[in-house]
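Beneath this line is the structure, given in structure tokens, with notes to follow.
Read the figures in this text as sums done on the coordinates, not as results from a lab. Remember, it's a predicted structure, so these values are computed and weren't measured experimentally. FYI the Cβ positions are ideal-geometry reconstructions off the backbone, even for glycines, and counts take in every protein chain you see.
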Amino acid sequence: MIYDVIVVGAGSNGSTAAYFLAKKGFKTLLIEAGGTPGDKCHGATEYCPRVIFHSMPELVDLQLKVIKQIPHLKPGDLGSGNFFYYVNKDNKVVFKSHTVAPGKTGQEESYSLHNCDFVRVLAQETVNAGAQLISGTAVVNIIREGDVIKGVVTEDGQRYKARLTIGADGRVSTIAKKAGLLKKWDPNICSYHYGEAWKFRSEEEMFEYVEHVRHMFFGPTLTPPKPWGACTISLRPGGIITVNAPTAWTPLSSMASAKKNSRRVYIQNLYGIMEVKRMLRPCEGFPDKPYQRQSCFMPGPPLTKPYMAGLVICGDAGGVGSICLPGYKTAQYVAPLLETDDLSDEALSGYTLARGRMSRIIYYNEDKQKSRNNKLTKELSELSETRIVLWSTGAGYMAKYDCSIDEMVENMRLAAVPHVMGVPDPEKCGEFGYVDMGTWLIAVKINHLLKLYGPILQNPKMFPTILKWFQKNEQSFNEKKMFDHPF
Amino acid sequence: MSKWIAVPDTFITIDLNKCTGCGSCVVICGGEVLEIKEGKALVAHLNQCLECANCEVICSADAIQYTMPKGGTGIVYECG
């Protein structure tokens, strides 16, 4: 039997692609290496479908349908807000600020949940939509006839043939490697991530000790220097707290050259901070035996050629990681080609730009977007993840003012906060801005962003602590051109 | 809590002729799987592997090869 499509990997992107293709009536086979889809998906995410995918109602519907079937937290229930802590070289918090997202978005429209739960239900929906699923089976090779990919070979020697193969098998992509499209990821661009999960006895107990959904810690004891990353603590369903040290904003090569193992050094420094201890002390096993450990890297740069006749590479496997979006975009792109049965190298050549990297990109000016779209899209698809995220961490601020972390902490200005938050400075990052407010906004178009954050930017009263401190120090700042130590 | 389902064959192979013993893989490994012994990297605790493949990417000597473990084996994540 020849399938229309074989999707390798039932993660969020593979399952999404298979869902939409099966729904359109294509004979779809989904092959997953894990015993059950979701087994290999660690991490947890704030899903805010209506914000991120507002132009893709089909995808919003699918995500909401899945989310409603599994346990999740709504930041609205927790008191939505992000706390930011700036830690000095002595590993002490010297400055704190917090933000509260205005409007409905932050309160009601985002859901914190475990990715493995999400993927399990999503894959089930894909099966319900008509796809066939084989789990617990790794794909070990592709079937190649000349320059055309005709299907895959699994570890038990079975050969499955299809008109189109979609390699959505994650960052360790057998498909991309066997097809010769991926040699090796660049450690200067791949960003590193190490995390530990801790468990409270119950969700109620967790809320007692930890207010607000996300706490972010910036400072020289917590990540390698340049580009500066952050450590985060986030609330998850089931009384689980996830701690990331660093959050995936630090290149693998910086980690290696700093010669400090996150598990031994950075995360231990984080646990040494009084504010963190206070939050996590009631967790079972703290600080020696976490409930779960996880590690990964965000691959990059995106493959320059993510396709060949009969094959496309989707999501992390092609270095364009994101939840569901690349899978959706892939399905959108290949469906008409499957209809006309033209899956040649040439027909698939538009896939490079269509594969869905844009979720994290915000256009500054929508009017200008049209004329610049093609050029910009191409440029952006070549940008490294790391470079984009600079704007979300404060590294953008440091680059702009050419200062060190300590100087930034010591000289914290009112203006720094929007930069740290990742709200784009139109002068500096007019072409793109990246928002990882984490909690509810991962990425939105700039107009949407300004609608949400305009009030914050125009009204410094939204930062009460900073404003108070700013006023207190205004005179001395005017004299010395430097703020006094905040505490 | 994550589970570990026994893997029949190793899936991290180290080419000892290429390995320079620089230790980057040990630094980068969140599972403490790898160790340096007699100047060469060694897979010491495979059952702690978090399956991130950071070791392969960071190895500048291209000595480490990571493949996915056999279907249905290796780590099973339960939560974030």
Pairs A:Lys177/B:Lys40; A:Lys23/B:Lys70; A:Lys177/A:Lys305; A:Lys177/A:Lys260: which exceed 24 Å Cα-Cα? A:Lys177/B:Lys40; A:Lys23/B:Lys70; A:Lys177/A:Lys260
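If packing is taken as the average count of other Cβ atoms within 10 Å, what order do A:14-27, A:342-355 fall into, highest mean first?
Details: A:14-27: 25.7, A:342-355: 17.1.
Descending mean neighbour count gives A:14-27, A:342-355.
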Residues whose modelled amide H sits under 5 Å from the amide H of B:Ile75, counting only those 5 or more places away in sequence or on another chain, are B:Ile5
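Roughly how crowded by other chains is peptide A:112-121, in terms of the mean Cβ count from those chains within 10 Å of each of its Cβ atoms? List each step's numbers first, then the result.
Values: counts 1, 2, 4, 3, 6, 3, 0, 1, 0, 0.
Taking all residues of A:112-121 together, the mean is 2.
Would you mind putting A:231-244, A:272-285 in packing order, based on average other-beta-carbon counts within 10 Å, highest first?
Values: A:231-244: 24.1, A:272-285: 15.7.
In decreasing order of mean packing, A:231-244, A:272-285 become A:231-244, A:272-285.
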In whole Hz, the Karplus estimates of ³J(HN,Hα) for segment A:274-280 (6.51, -1.76, 1.60; θ = phi - 60°; x where Gly or Pro) are 3, 4, 6, 4, 4, 6, 9
Output ³J(HN,Hα) for segment A:155-172: one whole-Hz value per residue in order, computed from phi by the Karplus curve 6.51 cos²θ - 1.76 cosθ + 1.60 with θ = phi - 60°, and x for Gly and Pro. 5, 8, x, 5, 10, 10, 10, 7, 5, 9, 10, 10, x, 10, 9, x, 5, 8
Put in order of increasing Cβ neighbours within 10 Å, starting from the fewest, A:Glu196, A:Glu211 give A:Glu211, A:Glu196
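Within a 10 angstrom radius of each residue's Cβ in A:293-303, how many Cβ atoms of other chains show up on average? Whole number is fine. Walk me through the intermediate numbers first.
Details: counts 8, 10, 10, 6, 7, 0, 2, 0, 0, 0, 0.
Mean shielding by partner chains, rounded to a whole number: 4.
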Residue by residue through B:64-75, how many Cβ atoms from other chains fall within 10 Å of the Cβ on average? 6
Beyond 18 Å between alpha-carbons counts as too far, so tell me which of A:Lys40/B:Lys3; A:Lys199/A:Lys259; A:Lys199/A:Lys277; A:Lys184/B:Lys18 fall in that bin. A:Lys199/A:Lys259
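Taking the Cα centre of segment A:158-282 as the origin, how large is its charge dipole in debye, to the nearest 20, when only Lys and Arg (+1) and Asp and Glu (-1) carry charge on their Cβ atoms? Before the final figure, lay out the partial values.
Working: 20 positive and 9 negative charges, 193 e Å.
That gives segment A:158-282 a dipole magnitude of about 920 debye.
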So what's the net charge close to A:Ala44: Lys and Arg +1, Asp and Glu -1, counting the other residues with Cβ under 10 Å from its Cβ? -1
